[in-house]
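Each remark here refers to the structure printed beneath this line.
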Amino acid sequence: MGEFLSGREEMILLGLVSRYLGTQEPVGSKALAESSPERLSPASVRHIMAGLEAKGYLTQPHPSAGRVPTDEAFRLFALNVAREAAEWAAPDEEGVEHLLTEGSLPGLARELSSVLARELHTLGFAVTPTLASVRLRACELVRLGEGRVLCVVVSQTGQIHEKVLQTHEPYGPEQLRWFSNYLAETFAGCTFAEIRRRLEAQVEMEAARCDELIRRAIELVAPCFLEFPESRDLFWDGAPWLLDSPGLRADLGSVQSLLDSLEKKSRLIALLQALLTGDEPVRVVLGEDWPDRSVRGLAMVAAPFGGEGQGHGFLGVIGPKALRYDTAIPSVRQAAILATIASSRL
């Protein structure tokens, strides 16, 4: 972290970062002096800027040029914006109703990634919760042929998991329908993790009771719940805007590394899970915050969404370090609020 700043230093620094984000050009003392609330002289501003440079918040590309922000300056600016965004962020019922038309959590996540990309002209993404943390809505068993039954489970947020089960029993449609009804009545509203724990105990319990029909139902469907994947769905949009970003034309290596991570979604999801472990409503990641050195030329604004019984997902945007944090942070924060409310109503 950078050194402590006085109120005047912080005012000048935040003003410089704001101006730089708008122009993408080094900022000089004269421009800052003209917009200074305290009507400081250019000489006073130059003195403050020199102090900020010594403290690691600014750099000077050329001796005669103005200053540009460092990672620490962007981070301070982003934290200031995040504090303000937390104060005014509020649910938007119209936005919630729009998301509900998607009908499922994957559809909602896909829409939000596209909305963020369009609004901010950069890459937007959304990651759904794992199945372990969401609640069951329905379970359907369908005979595929000799020794094979398709198990389809649907969460209350519209996520679907399918698994082909192997069986030596010649189950007919009536038996499978009874099994499906029993499972839905017994486990509807339980999270998949709760179902897993109950099944592990119930397989032995029902075997001891010799309740043949229930034992068969549980033994048949158990692999679907005990072995379901812990993976998440990743949706993203806006790669062309990221590639065209002026701030990244000299660092296309970071963009290519990110796009490779998006194609291998487990890599990016693991990175998000490692970074978004705190309770911050919005997290800004840039520079050395990235565990992966290959993407340190990028900045990410991300937020968790969801809650009890819905699981927790992530959404956000990725762009250059000179990202418009003053618009990106409020937009991501608002999207997370909408996603949380909408997913609770699915």
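The values are calculated or read from the model by the stated rules, or taken from the named source; none is laboratory data. In this text the structure is predicted, and so the values were computed from the model without any measurement. Note that we place each Cβ from the backbone using ideal geometry, even for glycine, and neighbour counts take in every protein chain shown. Surface accessibility is based on the protein's heavy atoms, side chains included, excluding ligands, DNA and RNA. Shrake-Rupley method; radii C 1.70, N 1.55, O 1.52, S 1.80 Å.
Pairs of Cα atoms under 8 Å, at least six residues apart: use those to get the relative contact order of the chain, whole percent.
On the way: 591 pairs, mean separation 75.2, N = 346.
Relative contact order here is 22 percent.
What does the net charge come to around GLN156 if you take all other residues with beta carbon closer than 9 Å to its beta carbon, with K and R at +1 and D and E at -1?
Taking every Cβ under 9 Å from that of GLN156, the sum is +2.
Distances over 19 Å make up what percent of all Cα-Cα pairs in the stretch 293-344?
35
From zero up to wherever the largest Cα-Cα distance of the stretch 212-346 sits, split into 5 Å bins and tell me the percent of pairs in each.
With a bin width of 5 Å, the distribution comes to 2, 9, 17, 19, 18, 12, 8, 5, 4, 3, 2, 1, 0, 0.
To two decimal places, what compactness ratio does the stretch 13-156 give when its Cα radius of gyration is scaled by 2.2 N^0.38 Å?
Cα Rg divided by the expected 2.2 N^0.38 Å: 1.76.
Determine, at each q value in 0.22 (inverse angstroms), the log₁₀ of I(q)/I(0) that the Debye formula gives when each Cα of the stretch 223-268 is one equal point scatterer.
For the stretch 223-268, the Cα-only Debye profile gives -0.80.
Taking 0.36 nm per residue of separation and subtracting the Cα-Cα distance, what length does fully extending ASP244 through GLU263 add? Mind dumping the intermediate values first?
Values: separation 19, 0.36 × 19 = 6.84 nm, distance 1.94 nm.
Difference between extended and current length: 4.9 nm.
How much length is gained on full extension from GLN256 to ILE160, taking 0.36 nm per residue of separation minus their Cα-Cα distance?
Extending this stretch completely gives an extra 31.4 nm.
With the contact rule set at Cα under 8 Å and sequence spacing of 6 or more, what percent relative contact order holds for the stretch 86-199?
23
What FRET efficiency, computed as 1/(1 + (r/R0)^6) with R0 = 51 Å and r the Cβ-Cβ distance, is obtained for GLU174 and GLU308, rounded to the nearest 0.05?
Computed FRET efficiency for GLU174 and GLU308: 0.85.
Enter the accessible area per residue of the chain (Å², integer; probe 1.4 Å; all protein chains in place).
The answer is 47 Å² per residue.
Cα extents of the stretch 1-80 along the three principal axes, largest first, in whole Å?
29, 26, 23
On a straight-distance basis, which lysines could pair with LYS30 in a cross-link, Cα separation under 26 angstrom, same-chain partners fewer than 8 positions away excluded?
The reachable lysines, counting only those whose Cα sits under 26 Å from LYS30, are LYS55, LYS321.
Given the rule -39500 (n - 2.57) for each run of at least 4 DSSP H residues, summed and divided by the residues of the chain, what is its mean residue ellipticity at 222 nm, to the nearest 500 deg cm²/dmol? Could you put the intermediate results ahead of the total?
Working: 13 runs with 175 residues, N = 346.
Computed ellipticity for the chain at 222 nm equals -16000 deg cm²/dmol.
How large, in Å, is the stretch 80-184 by the Kirkwood hydrodynamic radius built from its alpha-carbon pairs?
After inverting the mean inverse Cα-Cα distance, the result is 17.1 Å.
Report the residue, chosen from GLU227, GLU72, GLU97, that carries the largest GNM mean-square fluctuation when the chain is represented by alpha-carbon nodes joined by springs under 10 Å.
Of GLU227, GLU72, GLU97, the most mobile in the Gaussian network model is GLU227.
Can you work out D for the stretch 130-181 in µm² s⁻¹ from Stokes-Einstein, where Rh is the Kirkwood radius over C-alpha pairs, the temperature is 20 °C and the viscosity is 1.002 mPa s?
Values: Rh = 11.7 Å.
Stokes-Einstein gives a translational diffusion coefficient of 184 µm²/s.
Which label marks the calculated value of log10 I(q)/I(0) by the Debye sum over Cα atoms at q = 0.06, 0.11 Å⁻¹, given the options (1) -0.26, -0.72; (2) -0.20, -0.71; (3) -0.32, -0.79?
(3)
Which aspartates and glutamates, if any, have their Cα less than 13 Å from the Cα of LYS163, not counting same-chain residues under 8 positions apart?
Reachable aspartates and glutamates: GLU140, GLU227.
Amide H to amide H, which residues 5 or more places from THR59 or on other chains are under 5 Å from it, using H placed in the peptide plane?
VAL68, THR70
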